[in-house]
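Everything on this sheet refers to the single structure shown next.
The values are calculated or read from the model by the stated rules, or taken from the named source; none is laboratory data. Since we're looking at a predicted model, the values are computed, not measured. Note: ideal-geometry Cβ built from the backbone for every residue, glycine included; neighbour counts use all protein chains shown. In case anyone asks, the SASA skips ligands and DNA or RNA and just uses the protein heavy atoms, side chains included. Shrake-Rupley method; radii C 1.70, N 1.55, O 1.52, S 1.80 Å.
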Amino acid sequence: MPCMDQIFVLFNHPLVFDGDCTAADIAIMGYVADFKDGLRAFTPQERRNIAIYIAGIMIYKFGLEAFNGSVVALATNRYDYESIQSGRPSRTFERVGLLTGLNQACQCIGSILIGPLVKRYPTKNVLACAVLVFGLCSALLLIIDAATGGTFMPAAYRENHPKNDWSYYGDYNTDAMIPVYCISGIAYGMVELIRRVIPRDIVGGHVQKLRKMDSIVHIFYEITGTAGAFITALVIIPQLGNNKAFIVTPVCFTFCATIWYFISELDFKRRKSTLHQHEKPAYWKAAFRGLFLFGESIWVGGRILFTSRKFIWLVPGYAVALYAHRYLENGIAPQVARRYLGHSAWSQIMVGGSNLGELLGALAVLLLTNTIQTPMPWLRLDAIMLLIVWYIPFWRPPVDDVGQAWIVAATFAPISFGWAAGDVSLAAYIQASLSRLESKNKNVSALGAVMAFLYSFYIVTYAISGTLLGRYLDRVYNESGGTDGGNIREGLMFTAGMQMTIISVLVFAATFVPKGALAFNPKMISEEKLDEDEPVELKGRRDQEEILDAPVFKESSKKSYCTSDDGSEPHIEKKASEII
């Protein structure tokens with residue numbers, strides 16, 4: 001039987017080899033067999049719910065890429081336009097850095113506010129409503145733009161857009177975008193939290209099922225993210241304009257909410273009505289308690305990290321590496337697109353290349369899980385890949401050439417490949433190792449506390465450095481001529497080249513801190529075996545904490561709303577917990 005026929009028959013028959021198969025063929029058939037067995041692990045109802053969830057999340061991701069990419073490009077153009085019209089020095093990237101930094105900080109606030117609702121209503125209903133709220137928030141800028149005279153891009157501009165002419169934008173102060181984008185960040189955080197909860201509701205607490213579902217979902221998520229970024233940059237923005245391009249977002253989110261509503265109830269058990277009214281904790285009381293516990297989590301997490309050789313390396317290995325990735329997409333990409341190529345919308349092409357790298361990185365970890373068992377090789381690859389950005393300060397591409405944006409996208413792909421591979425494997429390591437560490441503080445789990453600190457460290461770092469580095473680049477641009485031929489190459493020597501080099505050294509050095517990490521591909525670090533499920537007694541104790549937080553159960557009211565129901569997974573970070 002020819003080898004390709006064997007691969008085809010593999011879905012319905014046992015694996016059979018003959019002499020016609022090469023080693024590569026055998027490996028492919030092995031992966032196909034693993035995928036087949038993985039799908040069989042789910043029940044028919046679970047497969048139905050997973051299919052519905054994936055359909056919704058793909059539409060959600062497309063609308064999200066259109067929104068985030070268009071808003072950043074819109075803010076970049078508007079701040080430049082205000083500078084040109086008023087004759088004042090440019091402050092574009094200072095304000096864009098502040099805009100994106102505050103948006104990410106507000107995501108955590110949203111995750112805290114939505115936490116109590118997940119306890120009281122079916123998760124799929126809360127998720128559908130949260131997406132609708134996000135859609136309404138994304139429409140605020142469209143309403144403001146239309147109310148102040150904004151229109152779609154004139155047809156004559158689609159073929160040949162006049163340089164620095166955005167007269168079709170609405171006439172409002174661009175700083176008004178900051179609070180509106182922050183409100184959207186709160187809604188965004190609500191959706192992102194619930195997206196971390198619902199996989200456990202769909203397949204239960206089975207570790208293998210969760211890993212399989214997370215990997216499948218993430219692959220489709222990044223495929224749509226890559227396509228969405230490219231379509232936004234090449235089709236939607238050139239046809240509608242930055243100020244109207246995200247008109248597709250409320251539509252996508254509405255369809256997404258409708259699709260997710262058809263997920264089954266997921267064994268949700270409504271709290272009994274026998275409780276007296278005064279026994280039911282008020283929503284805002286629960287929300288403020290979640291805020292207090294989040295602050296307490298940061299303190300406990302910092303103490304765990306900085307008092308142990310086993311965990312201190314996670315600060316540069318996770319939080320600093322995450323900051324570098326976000327600055328690459330939200331900082332360097334808009335700067336190069338606007339100042340080098342003259343088109344801020346082309347930053348989405350670069351982000352699309354980055355998303356493709358993330359997809360390939362997640363696939364690499366999925367396929368090499370048994371070969372590379374610790375995060376160290378991936379983190380070292382991530383550190384080395386960061387040095388690729390050194391070409392940017394010395395690069396002199398022609399303006400208005402979209403092909404140059406594709407070159408940047410191609411160079412961003414390996415950088416994000418290294419980061420995603422490191423992030424995926426590191427997330428699994430953090431969850432496995434810290435779930436075994438029992439926190440001395442009864443109010444927060446060790447895992448939730450450490451993740452709260454790492455995420456807060458990243459948020460504060462980005463909010464401060466993004467604004468300050470943007471201000472520095474604006475000064476370099478203004479001093480070199482501004483709109484009369486100014487450039488930021490000298491500034492990028494430091495904000496891109498030197499900064500990423502320092503981060504590269506920090507991340508690379510951090511991989512040698514734990515015990516047993518000196519090997520090129522260590523099988524175990526810190527003398528801890530993590531390829532087994534947690535001890536039964538610990539798992540049983542954690543299952544006890546899953547009881548809904550009725551006042552009669554004192555333990556259940558002490559959990560942070562920034563962690564999942566079992567206290568084992570953070571809900572405040574976008575990429576780390578949604579992959580394997």
Could you please give the count of residues in the range 115-146 that are at pLDDT 85 or above and part of a loop (DSSP other than H, G, I, E, B)? 0
Among (1) at pLDDT below 85; (2) of a type outside the set (Phe, Trp, Tyr); (3) loosely packed, with under 14 Cβ neighbours inside 10 Å; (4) within 26 Å of the chain's Cα centre (by Cα), Leu530 falls short only on (3)
Glu94 versus (1) surrounded by fewer than 22 Cβ atoms within 10 Å (Cβ to Cβ); (2) in contact with an Asp or Glu (Cβ under 7 Å, 6 or more places away or on another chain); (3) within 30 Å of Ile298 (Cβ to Cβ); (4) modelled with pLDDT under 90: which is the lone unmet condition? (4)
Val315 - would you say it is out of contact with any strand residue (DSSP E or B) (no Cβ under 7 Å at 6 or more places or on another chain), at pLDDT 95 or above and part of a helix (DSSP H, G or I)? no
If only one of Ile216, Ile236 is assigned to a helix (DSSP H, G or I) and modelled with pLDDT of 90 or more, which one is it? Ile236
Subset of the range 354-385, residues in a helix (DSSP H, G or I), open to solvent by 10 Å² or more (accessible area, probe 1.4 Å) and farther than 19 Å from Asp214 by Cα, comes to Pro377, Trp378, Arg380, Leu381, Ile384, Met385
Within the range 169-180, which residues are part of a loop (DSSP other than H, G, I, E, B) and either buried (at least 17 other Cβ atoms within 10 Å of the Cβ) or polar (S, T, N, Q) (or both)? Tyr169, Gly170, Asn173
Near pairs, Cβ below 6 angstrom, 6+ apart or cross-chain, from the range 366-379 (under 24 Å from Pro316 (Cβ atoms)) to any residue that is in a loop (DSSP other than H, G, I, E, B) and open to solvent by less than 40 Å² (accessible area, probe 1.4 Å): Thr374/Pro522; Thr374/Ile525; Met376/Thr511; Met376/Ala517; Met376/Pro522; Leu379/Thr511
Some residue of the range 396-404 being part of a helix (DSSP H, G or I), among the basic types (Lys, Arg), over 30 Å from Arg309 (Cβ atoms) and at pLDDT 90 or above: no
Boolean, Ile415 is in contact with a Leu (Cβ under 8 Å, 6 or more places away or on another chain) and either open to solvent by less than 50 Å² (accessible area, probe 1.4 Å) or part of a helix (DSSP H, G or I) (or both): yes
Need pairs with beta-carbon distance below 9 Å; first residue within 10 Å of Gly491 (Cα to Cα) and within the range 453-478, second open to solvent by 20 Å² or more (accessible area, probe 1.4 Å) and aromatic (Phe, Trp, Tyr); sequence gap 6+ or separate chains. Leu469/Phe494; Tyr472/Phe494
Is it true that Gly149 is exposed (fewer than 14 other Cβ atoms within 10 Å of the Cβ) and outside any helix (DSSP H, G or I)? yes
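Quick check on Ile186: is it in a helix (DSSP H, G or I) and open to solvent by less than 40 Å² (accessible area, probe 1.4 Å)?
For Ile186, the condition - in a helix (DSSP H, G or I) and open to solvent by less than 40 Å² (accessible area, probe 1.4 Å) - is not met.
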For the range 129-143, which positions are open to solvent by less than 10 Å² (accessible area, probe 1.4 Å) and under 21 Å from the mean Cα position of the chain (by Cα)? Ala130, Val131, Phe134, Gly135, Ser138
Given (1) touching a residue at least 12 places away in the same chain (Cβ under 8 Å); (2) surrounded by fewer than 16 Cβ atoms within 10 Å (Cβ to Cβ); (3) not in a helix (DSSP H, G or I), where does Asp165 come up short, assuming only one miss? (1)
Only one residue in Ala410, Ala432, Ala452 is surrounded by fewer than 24 Cβ atoms within 10 Å (Cβ to Cβ) and modelled with pLDDT under 80. Which one? Ala432
So which residues in the range 290-312 are among the small types (Gly, Ala, Ser) and either in a helix (DSSP H, G or I) or buried (at least 20 other Cβ atoms within 10 Å of the Cβ) (or both)? Gly290, Gly295, Ser297, Gly301, Gly302
Do any residues in the range 480-496 that are over 15 Å from Ala337 (Cβ atoms) and in a helix (DSSP H, G or I) have Cβ atoms under 7 Å from those of residues that are open to solvent by less than 50 Å² (accessible area, probe 1.4 Å) and among the β-branched types (Val, Ile, Thr), where the two are at least six apart or on different chains, and which pairs are they? Glu490/Val476; Gly491/Val476
